[in-house]
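Here is the structure we will look at.
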């Protein structure tokens, strides 16, 4: 039986992008999507139509910034970095998801 691709819950993509650029530093969109797929052990399939609007939204919120650079294959690409405000948001998002995960774990493990 093969792996089933997972659907992202609302708001999860923002958290994953913020965490990825916080951990690895400036990355272009394709590298962000490949890293998320790699860490998910290919359970998530990142599509450009999903990631690009998220990057735009994160930049509009001031959580990431971007600048043009050259990718590893000599192509012009926009590289995204987390901002100070983005690090604060990441911290809030991480706490929220940890609380939600703990809550769901308690519900799933309850016997009564």
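Values quoted throughout were computed directly from the atomic coordinates according to the rules given, and no laboratory measurement underlies them. Since this is a predicted model, take the numbers as computed values, not measurements. Here the Cβ is made from the backbone with ideal geometry for all residues, glycine too, and neighbour counts use every protein chain on show.
Judged by the mean number of other Cβ atoms found within 10 Å, the most tightly packed of the peptides 32-40, 104-112 leads the ranking 32-40, 104-112. A protection proxy built from the mean count of other Cβ atoms within 10 Å ranks the segments 14-27, 55-68, most packed first, as 14-27, 55-68. Normalised by the number of residues in the chain, the mean separation of alpha-carbon contacts (under 8 Å, six or more apart) gives a relative contact order of 27 percent.
The label point for residue 59 and the one for residue 103, both projected 7 Å from the Cα toward the Cβ, are 3.3 nm apart.
Helix 12-24 versus the longest principal axis of the chain: what is the Cα-based angle in degrees, 0 to 90, to the nearest 10? The two axes meet at around 60 degrees. Mean residue ellipticity at 222 nm, helices only, the chain: -18500 deg cm²/dmol; runs of at least 4 DSSP H residues each add -39,500 (n - 2.57), and the sum is divided by the number of residues.
For the chain, the longest principal axis of the Cα atoms and the long axis of helix 29-39 meet at an angle of about 30 degrees. From the Cα gyration tensor of the chain, with a ≥ b ≥ c the square roots of its eigenvalues, which class applies: rounded if a/c is under 1.5, or else prolate if a/b is larger than b/c, or else oblate? It comes out oblate by the Cα gyration axes.
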